[in-house]
Amino acid sequence: MCGLLGLLTSDGTAADVVEPVAVASHCMRHRGPDEPGTWHDDDIVFGFNRLSIIDIEHSHQPLRWGPPENPDRYALVFNGEIYNYLEIRAQLAADEGATFRTEGDGEAIVAGFHHWGIDGVLAELRGMFAFAIWDTEKRELTLARDQFGIKPLYVATGSKGTVFSSEKKSVLALADEAGLKPGLDA
């Protein structure tokens, strides 16, 4: 179990909301006490609380992955567990020549996303999950969760950006930063 949180700004001011995202991530501390933190670029801030189960030493969040010509193209925050990640990794390595830097299940998600697209990777994933992938090259955010909603993913968009989280209370904690209307009950 982990907690994911993020704010995609509408005006490139992500650096200004790093601290509020860090504070809001405390609302989901119970989801992952091992590795709390934030990461940002100009457009997006990720907050996370990791519960280290698989590949404790190397699968830090956000997980950065990309093809050899741009190895840090994607940033992934991920809540859940992929049961068939070893099979997906083997298929990606054999069919696409994908290489991996960790032994974790998160890399199977982001590598599959790169090679197969969102529909292709979602069709292959077996498990319970919610994730956010930021493509630093295309400047696009992709959010997804398992088809049964076992791992929650709350999303709200306001005048200043889009906030998403594993916890409703984290979304509410960032209502002002996202420009959400007063009285929001996400």
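The values are calculated or read from the model by the stated rules, or taken from the named source; none is laboratory data. Bear in mind the structure is a predicted one, so any value in this text is a computation, not a measurement. Every residue, glycine as well, gets a Cβ built from its backbone with ideal geometry; the counts of neighbours run over all protein chains shown. Protein only, heavy atoms only, side chains kept; ligands, DNA and RNA dropped before computing areas. Shrake-Rupley method; radii C 1.70, N 1.55, O 1.52, S 1.80 Å.
Asp34: surrounded by fewer than 14 Cβ atoms within 10 Å (Cβ to Cβ), more than 24 Å from Asp176 (Cα to Cα), charged (D, E, K, R) and at pLDDT 80 or above, yes or no? Give the steps one after another, and end with the answer.
Details: surrounded by fewer than 14 Cβ atoms within 10 Å (Cβ to Cβ): yes; more than 24 Å from Asp176 (Cα to Cα): yes; charged (D, E, K, R): yes; at pLDDT 80 or above: no.
Against the criterion (surrounded by fewer than 14 Cβ atoms within 10 Å (Cβ to Cβ), more than 24 Å from Asp176 (Cα to Cα), charged (D, E, K, R) and at pLDDT 80 or above), Asp34 does not qualify.
Restricting attention to region 158-173, report how many residues are assigned to a strand (DSSP E or B) and over 17 Å from Gly47 (Cα atoms).
Just the residues of region 158-173 that are assigned to a strand (DSSP E or B), to begin with: 158, 161-165.
Right, trim to over 17 Å from Gly47 (Cα atoms) and you get 158.
Qualifying residue count, region 158-173: 1.
Selection of region 159-180 for residues being farther than 19 Å from Leu76 by Cα and open to solvent by 10 Å² or more (accessible area, probe 1.4 Å) yields Ser159, Lys160, Lys168, Lys169, Leu172, Ala173, Ala175, Asp176, Glu177, Gly179, Leu180.
If the condition is being within 19 Å of the chain's Cα centre (by Cα), surrounded by fewer than 17 Cβ atoms within 10 Å (Cβ to Cβ) and farther than 17 Å from Ile150 by Cβ, then region 71-90 contributes Pro71, Asp72. Would a scan of region 126-134 turn up a residue that is on the phi < 0 side of the Ramachandran plot, assigned to a loop (DSSP other than H, G, I, E, B) and out of contact with any Phe, Trp or Tyr (no Cβ under 7 Å at 6 or more places or on another chain)? The answer is no, given that none of the residues of region 126-134 is on the phi < 0 side of the Ramachandran plot, assigned to a loop (DSSP other than H, G, I, E, B) and out of contact with any Phe, Trp or Tyr (no Cβ under 7 Å at 6 or more places or on another chain).
So is Ile118 at pLDDT 95 or above, among the β-branched types (Val, Ile, Thr) and more than 24 Å from Ile44 (Cβ to Cβ) or not? Outline the logic, then answer.
Details: at pLDDT 95 or above: yes; among the β-branched types (Val, Ile, Thr): yes; more than 24 Å from Ile44 (Cβ to Cβ): no.
In short, no.
Sub-7 Å Cβ pairs linking a first residue in region 159-174 that is closer than 13 Å to Pro20 by Cβ to a second residue that is assigned to a strand (DSSP E or B) and β-branched (Val, Ile, Thr), at least 6 apart or interchain, are Lys160/Thr9; Gly161/Thr9; Val171/Val163; Leu174/Val163, ordered by first then second residue.
Checked against (1) free of Cβ contacts under 8 Å to residues at least 60 places away in the same chain; (2) in contact with a Phe, Trp or Tyr (Cβ under 8 Å, 6 or more places away or on another chain); (3) surrounded by fewer than 17 Cβ atoms within 10 Å (Cβ to Cβ); (4) not charged (D, E, K, R), Leu141 meets all criteria but (1). For region 123-138, filtered to residues that are farther than 29 Å from Glu177 by Cβ and out of contact with any Gly (no Cβ under 7 Å at 6 or more places or on another chain), the residue that is most open to solvent (accessible area, probe 1.4 Å) is Arg126.
Within region 53-70, count every residue that is of a type outside the set (Asp, Glu), modelled with pLDDT under 90 and either closer than 16 Å to Thr99 by Cα or open to solvent by 70 Å² or more (accessible area, probe 1.4 Å) (or both).
Filtering region 53-70 down to residues of a type outside the set (Asp, Glu) leaves 53-54, 56, 58-68, 70.
The next check asks that each one be modelled with pLDDT under 90; those that pass are 53-54, 56, 58-63.
Retained after the next criterion (residues that are either closer than 16 Å to Thr99 by Cα or open to solvent by 70 Å² or more (accessible area, probe 1.4 Å) (or both)): 53, 56, 58-60, 63.
Of the residues in that region, 6 qualify.
Give me the pairs, please: first residue somewhere in region 85-107 and among the aromatic types (Phe, Trp, Tyr) and assigned to a helix (DSSP H, G or I), second residue anywhere and at pLDDT below 95 and open to solvent by less than 20 Å² (accessible area, probe 1.4 Å), beta-carbon distance under 9 Å, and either six or more positions apart or on two chains. Short answer, once both residue conditions are applied: Tyr85/Gly104; Tyr85/Asp105; Tyr85/Gly106; Tyr85/Glu107.
Would you call Asp11 open to solvent by 30 Å² or more (accessible area, probe 1.4 Å), at pLDDT below 70 and of a type in the set (D, E, K, R)?
Details: open to solvent by 30 Å² or more (accessible area, probe 1.4 Å): yes; at pLDDT below 70: no; of a type in the set (D, E, K, R): yes.
Spelling it out, it is not the case that Asp11 is open to solvent by 30 Å² or more (accessible area, probe 1.4 Å), at pLDDT below 70 and of a type in the set (D, E, K, R).
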